[in-house]
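Colleague: What follows is a single structure, and I will ask about it in a moment.
No lab work stands behind these numbers, since they all come straight from the coordinates. Just so it is clear, the structure is predicted and the values come from calculations on it, not from any experiment. Here the Cβ positions follow ideal geometry from the backbone for every residue, glycine too, while neighbour counts run over all protein chains shown.
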Amino acid sequence: MIEVTYLNTAKQEKHVSYENYNEFVRAQQACWIELPDSTPVTKVTINGHDIDFKGPYGELYFYIMKLDLSQYQ
């Protein structure tokens, strides 16, 4: 499971989750835009492991693409 913690426009902490990596990729490639690219992400976990990403939501997809996901199984 991929869980993304972000700040909404009112600076409130919110969460969105994806069942697995494939669901996350489909959401990105199909343009199921849940969050604007500029949304600040404060924490991301993959299967309970913090991947140490903080930055705009629009950069998350490319960050995860570069990871060796086998270490998070």
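Colleague: Please identify the chymotrypsin sites (Phe, Trp or Tyr not before Pro) of the range 15-73 that satisfy two criteria: DSSP loop assignment and at most 11 other Cβ atoms within 10 Å. Which are they?
Modeller: Hits after loop and neighbour filter: 32.
Colleague: With +1 on each Lys and Arg Cβ and -1 on each Asp and Glu Cβ, how big is the dipole of the chain about its Cα centre, in debye rounded to the nearest 20?
Modeller: Approximately 140 debye in magnitude.
Colleague: To continue, here is another question. What list of ³J(HN,Hα) couplings, whole Hz, do you get for the range 34-42 from phi and the Karplus terms 6.51, -1.76, 1.60, once you set θ to phi - 60° and write x for glycine and proline?
Modeller: 8, 10, x, 4, 7, 4, x, 9, 9
Colleague: Here's a follow-up. Go through the range 11-23 residue by residue and turn each phi into a ³J(HN,Hα) via Karplus (6.51, -1.76, 1.60, θ = phi - 60°); whole Hz please, and just put x for glycine and proline.
Modeller: Taking θ as phi minus 60°, the curve returns 6, 8, 6, 10, 9, 9, 9, 10, 4, 7, 4, 4, 5 Hz for the range 11-23.
Colleague: Which order do 2, 51 fall in if you start with the one that has the fewest other Cβ atoms within 10 Å?
Modeller: In order of increasing Cβ crowding within 10 Å: 51, 2.
Colleague: Counting only residues 5 or more places away or on other chains, whose amide H sits under 5 Å from the amide H of residue 39 once H atoms are built in the peptide plane?
Modeller: 57, 58
Colleague: Per the Cauchy relation, a quarter of the hull surface: what is the mean projected area of the convex hull of the alpha carbons in the range 1-49, in nm²?
Modeller: Answer in nm², one decimal: 3.3.
Colleague: If the cut-off is 20 Å between C-alpha atoms, which lysines fall inside it for residue 66, apart from same-chain ones fewer than 8 positions away?
Modeller: Output for residue 66: 43, 54.
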